[in-house]
Amino acid sequence: MNVKKLILRIAVPIGVFAMMGIFASPAEAKGLEQETVFSAVDTVWVLIAAFLVFFMQCGFGFLEAGFVRSKNVVNIMAENIMDTTATTVGFIIAGFGLMFGSGNAFFGTEWFFLQGMPDVYPGLTIPILAFFFFQFAFSAAASTIASGLMAERTDFRADLIYSFFTGLLIYPIFGHWVWGGGWLAELGFTDFAGSSVVHLVGALIGLAGTIVLGKRKDKEFGGETIRGHNMPLAALGTFILWLGWFGFNPGSQLAADPEAIALITVTTDFAATTGAIVAMLLSFAHTKKWDPGMAMNGCLGGLVAITAPCAFVTPMAALVIGIIAGAIVYYGTALMEIVRIDDPVGAFPVHGLNGIFGILAVGIWGTDGLGLLHGGGFTQLGIQALGILACIAFVFPTAYVLFQVIKRTVGLRVTPEVETTGIDLVYHGIGSYPEFVE
Amino acid sequence: MNVKKLILRIAVPIGVFAMMGIFASPAEAKGLEQETVFSAVDTVWVLIAAFLVFFMQCGFGFLEAGFVRSKNVVNIMAENIMDTTATTVGFIIAGFGLMFGSGNAFFGTEWFFLQGMPDVYPGLTIPILAFFFFQFAFSAAASTIASGLMAERTDFRADLIYSFFTGLLIYPIFGHWVWGGGWLAELGFTDFAGSSVVHLVGALIGLAGTIVLGKRKDKEFGGETIRGHNMPLAALGTFILWLGWFGFNPGSQLAADPEAIALITVTTDFAATTGAIVAMLLSFAHTKKWDPGMAMNGCLGGLVAITAPCAFVTPMAALVIGIIAGAIVYYGTALMEIVRIDDPVGAFPVHGLNGIFGILAVGIWGTDGLGLLHGGGFTQLGIQALGILACIAFVFPTAYVLFQVIKRTVGLRVTPEVETTGIDLVYHGIGSYPEFVE
Amino acid sequence: MNVKKLILRIAVPIGVFAMMGIFASPAEAKGLEQETVFSAVDTVWVLIAAFLVFFMQCGFGFLEAGFVRSKNVVNIMAENIMDTTATTVGFIIAGFGLMFGSGNAFFGTEWFFLQGMPDVYPGLTIPILAFFFFQFAFSAAASTIASGLMAERTDFRADLIYSFFTGLLIYPIFGHWVWGGGWLAELGFTDFAGSSVVHLVGALIGLAGTIVLGKRKDKEFGGETIRGHNMPLAALGTFILWLGWFGFNPGSQLAADPEAIALITVTTDFAATTGAIVAMLLSFAHTKKWDPGMAMNGCLGGLVAITAPCAFVTPMAALVIGIIAGAIVYYGTALMEIVRIDDPVGAFPVHGLNGIFGILAVGIWGTDGLGLLHGGGFTQLGIQALGILACIAFVFPTAYVLFQVIKRTVGLRVTPEVETTGIDLVYHGIGSYPEFVE
């Protein structure tokens, strides 16, 4: 019975612009005259970077799959494939236009259904479709990050719906403020590759989600951890994400500027390095165990923290940022237990707390007068802090309302029986390892 | 006893051109004078695209491995590694020459053993070895697609032999007709990146194979499905294939033309998106389960369908093509049960039926006067249909005869006992998870 | 209690240059003026190649994980993540400077802590940070190769320590001799992409390690093999490594020279192809089983052997080199049993013996007067042999002493009880598959 509603909600929009697409081709074709403005090497760089960012969907999927129990793994996999598609649809319909179209300080008002776009985004040397694809891959990351906090108990239809709205509305509106010429950009708020736009947004959506959902039935705060079922899969996810970040950060230069992309590659890698080392050492210092999950999340925390400042800091500062990021992951994970928020894969310390830290790091270590330590004074740091507050003030309540609406209509959480049995068999009709677990 | 024959068949040709190679270096060296014709950025683009296409061997391997039972997984893995090598050898000996060398309307007659090649393929700006490597990766995909239809019961030596002949003969000859200046190319048949040349050819070889083999012992048509053993592995394969397609399609431009490669990237992704959505929604509408296999195969079906028209359609048309492709995967999978053909991984609906649909899609949605909806009339559509018939008429009987010959000599199918025990232990001497399954 | 020592040893150096980093930014910033010397396409090529080489850490991790028992898999994963970071730290502190800084015939004496570097490495067209990142990825590969020989019994802290010293000292010093303008380079020793610098060095460190460690308790030479626990993971590792090699070898051109990178791509792939075929055929000829491990290691052996000569040989010669490399892997694996050295993943035949063979192959098949078969005479071959001896004479004793020092201080080997239980639970506090194995 819910099928019809779902089809109406998701398939009809697709149908609408499918129809439009058949007749709308002139909009795309007209651009082919101005070819001289494009740089082949810039386009190659941005597209390959976008492919790496796209592949982070796989990385997130495996990180999450490794950290959950085997009875919910098919669900994680299906969700990581399908939220890519749901975000795409949302980003096509309105997300890209709201984020990057001209408009006002709060949202863009053109390019819906990709209609009326110019050949090139102002200031760039790549086709606008290359820019679109790179940005779509970012939006998909935001909704996938949220899914980590909501793992093991969210209804699959709810997954699809919030992913769609993430790509359609939440991600693009905050994105417009920062990257689309909106009010935060006007103020000078600086987030090079998305510590706030992607990671903090995703983490706040997920935080709202996990709060509305409540904890997993079996979760005991401060007690025995619910163990992930497959550490090699989690490690695979980590390596793929680390690789993908070399698209995420250096690709955000949006041009193959040699010195910039080389510097960003190195700062990105350095923060991952010290993030992993520090989280690992702290886990050993406290528990006498070398916790592999801490190596992985410490690495990812370093990557999130360096995402905003990667283009504006020295390699040495990147090492410092990673060190702090690793400590944030370790103590942040403990904090989640204390505040009793169930975060099955540790996504909030990684993407939320380090998203915040990354934004602040611009105001501390940013060179060329951006940061406190390089003559920037407290102004930039204040603007960065304001941006964080704006992000929280917009994203968290919006997502909270969205989840409440989903809860009262389609339903947000699976039944207790399904949670016990596992989402895989009930919702997807197949277990993750049918010969080994039933 | 068969070792000797096999060594004679496979090792001797290698030995022959090994000997030739030692003395043949002048052929390669002479080209170094004309360096000015080459474009560095085009070469970088095509090589990286080729690496992504090459990595699709891994993607196909894991998709198949996930969809079969654990007792045959080592076999799948060994096969995906070794058919890459067998196809390479075939493509070196004669495949590349038959496909791209000058000759007649039906096959090329030069460049065997890579001898006598010019530095650059006519009309391109990349070294011919870069072009060779890109095309070799395509040929490997064709033979790997076939292996999906033949999984869980094919003799390993037979696998090597048909892969060799796929790279040596079947793939290159049809390829010459379309991409090597052959008779279909002359007629105006249009297949941008290989919906027919790679996917339909691979699927038809596999179809002949599964028909000659017969169904798996345990397969009951219309009854309970034989479940794949590992959904995460299948999802990994899907993500790697999706990534690889960003090499497959945009790389087929064979130059870093900014507008073309950006458009192709977007059309490729859009068809995957709606393909996954529609196949998933149909599975839910019919079974109330969100079948992960349908998300995966729907996505891949969209990718196959967009492969031929990706450079000639608008992004919106790509969404429509994906929608239809997703439906073809869903209903095509049901059709295979009705016609009682055993296709363990669902390869025929994905690569065969959507290969056909992709070719027709050029004649429907192709812009610039190619397609029905853009003023192209029925001529192009007719030529596209003719190409499909030519593909079927050449590939299926040729492959059928090849499999019959293999069946009567080396043997095509494992014994019923081996099929029960699993190919892994008997042929490869090790199980996929020795500690967990024996 | 060892925590403190460890923190002192690892964290303090990090802290030191962290402090330095905060104040040292001018060193990086000053370079931004000379932008004209850089080539965007060369930088894009080298960075993407470096990303692929970086991803080989994941490939090595999964190859090793698949070949060991499930009780030690978390350890392998943690080690592959953490040795990347430990090598990075060593390479930053002194490795890069010792290897590439100006100095004397034996080591460089500048650029420690990345201070005082010019914008561009002499002779190149890419930013020095891009060059640094590419080279760091190589150093990480060397220490990871060593870990394969030492799997399933090495203390985790020892892993971190020797990885650190590999990146700090051992790898860079031999590297300086060959690639940093040292005495072997002066003599004309030729190793294009690192058959000796990376592979033989890594294998010799691992050989010293396994000799100091002694065999695994359960290992019986010439008897039943200890089986790897997960063949799909090993196959995944192989495919990722094969992919990564397309960064490793063609990237070592350090510029997007079309003819060179196309040739290197093809020679690299061809050697992998025949390496896999020959090792597989030999395993079948001797055991009547198609051993998947031989397909994988044969492929990798071919890749190692072609690494030194990849830019200097014809594609046909690459096929011959792969054939011999495959045989070296097969018989070398048998040899390890005879000489009673425990090499859990077969790393020494792959990286050590084929590293040696690859260096010699330059002197045999090298075109343009390098090799015996192309008019080179015995001089080059003699220099190549001398380089091998120098590598062995420096690396093996140095590593041996390092492992003896570790053994007498921190401890090199886990206790017999830990070895029986598995390193995962005792050292890392979690098993690889907590629901399936405890």
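General observations
One line per residue, one yes/no per condition, for (1) at the interface with another protein chain (Cβ under 9 Å from one of its Cβ atoms); (2) aromatic (Phe, Trp, Tyr):
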site: C:Phe51; (1), (2): yes, yes
site: C:Met56; (1), (2): no, no
site: C:Leu63; (1), (2): no, no
site: C:Arg69; (1), (2): yes, no
site: C:Asn72; (1), (2): no, no
site: C:Asn80; (1), (2): yes, no
site: C:Thr88; (1), (2): yes, no
site: C:Ala94; (1), (2): no, no
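- Considering each residue of the range C:286-293 in turn, none proves to be under 20 Å from C:Thr267 (Cβ atoms) and within 14 Å of chain B (Cβ to nearest Cβ).
- Among the numbered conditions (1) among the charged types (D, E, K, R); (2) over 30 Å from A:Ala49 (Cα atoms); (3) buried (at least 23 other Cβ atoms within 10 Å of the Cβ), the only one that B:Glu64 does not meet is (2).
- Among residues of the range A:87-99, those that are in contact with a Gly (Cβ under 8 Å, 6 or more places away or on another chain) and open to solvent by less than 10 Å² (accessible area, probe 1.4 Å), counted: 8
- The set of residues in the range B:253-277 that are more than 7 Å from chain A (Cβ to nearest Cβ) and surrounded by fewer than 24 Cβ atoms within 10 Å (Cβ to Cβ) comprises B:Gln253, B:Leu254, B:Ala255, B:Asp257, B:Ala260.
- Residue within the range B:288-305 that is touching a residue at least 24 places away in the same chain (Cβ under 8 Å) and over 21 Å from the mean Cα position of the chain (by Cα) present: yes
- Considering (1) within 18 Å of the chain's Cα centre (by Cα); (2) within 14 Å of chain A (Cβ to nearest Cβ); (3) open to solvent by 10 Å² or more (accessible area, probe 1.4 Å), the lone condition that C:Trp111 does not fulfil carries the number (1).
- Any hit, the range C:289-296, residues being open to solvent by less than 10 Å² (accessible area, probe 1.4 Å), modelled with pLDDT of 95 or more and farther than 22 Å from C:Gly352 by Cα: yes
- Set B:Asn230, B:Asn249: member being buried (at least 24 other Cβ atoms within 10 Å of the Cβ), more than 7 Å from chain A (Cβ to nearest Cβ) and among the polar types (S, T, N, Q): B:Asn249
- Helices (runs of 4 or more DSSP H) contained in the range B:340-438 and holding at least 3 residues open to solvent by 60 Å² or more (accessible area, probe 1.4 Å): B:377-408, B:416-421
- Residue list for the range A:408-422, filter: under 26 Å from the mean Cα position of the chain (by Cα), of a type in the set (A, V, I, L, M) and at pLDDT 95 or above: A:Leu412, A:Val414
- The residue list B:Val401, B:Val418 contains one member that is without any contact (Cβ under 8 Å) to a residue 24 or more places away in the chain, out of contact with any Lys or Arg (no Cβ under 6 Å at 6 or more places or on another chain) and within 14 Å of chain C (Cβ to nearest Cβ), which is B:Val418.
- Residue in the range C:326-347 that is out of contact with any strand residue (DSSP E or B) (no Cβ under 6 Å at 6 or more places or on another chain), under 26 Å from C:Thr210 (Cβ atoms) and within 13 Å of chain B (Cβ to nearest Cβ) present: yes
- Given (1) on the phi > 0 side of the Ramachandran plot; (2) more than 14 Å from every other protein chain (Cβ to nearest Cβ); (3) buried (at least 22 other Cβ atoms within 10 Å of the Cβ), index of the condition B:Ala208 fails: (1)
- Beta carbons closer than 7 Å, at least 6 apart along the sequence or on distinct chains, pair a first residue in the range C:426-438 that is at the interface with chain A (Cβ under 7 Å from one of its Cβ atoms) and modelled with pLDDT of 90 or more with a second that is assigned to a loop (DSSP other than H, G, I, E, B) and surrounded by 19 or more Cβ atoms within 10 Å (Cβ to Cβ) for C:Tyr427/A:Trp290; C:His428/A:Trp290; C:His428/A:Asp291; C:Gly429/A:Asp291; C:Tyr433/A:His229; C:Tyr433/A:Asn230.
- Qualifying residue in the range A:187-196 (condition: of a type in the set (D, E, K, R) and crowded, with 24+ Cβ neighbours inside 10 Å): yes
- Odd one out for C:Cys310, checked against (1) in contact with a Phe, Trp or Tyr (Cβ under 7 Å, 6 or more places away or on another chain); (2) of a type outside the set (S, T, N, Q); (3) assigned to a helix (DSSP H, G or I): (3)
- Residue pairs meeting the criteria (Cβ under 8 Å; at least 6 apart or on separate chains; first in contact (Cβ under 8 Å) with a residue 40 or more places away in the chain and β-branched (Val, Ile, Thr), in the range A:164-181; second open to solvent by 10 Å² or more (accessible area, probe 1.4 Å) and in a helix (DSSP H, G or I)): A:Ile170/A:Thr398; A:Ile170/A:Leu402; A:Ile173/A:Leu98; A:Ile173/A:Phe394; A:Val178/A:Ala185
- Residue selected from the range C:278-288 under the condition in a helix (DSSP H, G or I) and open to solvent by 10 Å² or more (accessible area, probe 1.4 Å), by the criterion nearest to C:Thr367 (Cα to Cα): C:Val278
- Of all the numbered requirements in (1) out of contact with any Asp or Glu (no Cβ under 9 Å at 6 or more places or on another chain); (2) facing another protein chain (nearest Cβ under 7 Å); (3) at pLDDT 95 or above, A:Glu28 misses one, and that requirement is (3).
- With respect to the conditions (1) under 24 Å from A:Leu386 (Cα atoms); (2) within 22 Å of the chain's Cα centre (by Cα); (3) not β-branched (Val, Ile, Thr), A:Leu187 falls short on a single one, namely (2).
The values are calculated or read from the model by the stated rules, or taken from the named source; none is laboratory data. Owing to the predicted nature of the structure, the values given are computational and were not obtained by experimental measurement. In this analysis, Cβ positions are derived from the backbone assuming ideal geometry, glycine residues included, and neighbour counts consider all displayed protein chains. To get the accessible areas, we keep the full protein, side chains included, count just its heavy atoms, and leave off ligands, DNA and RNA. Shrake-Rupley method; radii C 1.70, N 1.55, O 1.52, S 1.80 Å.
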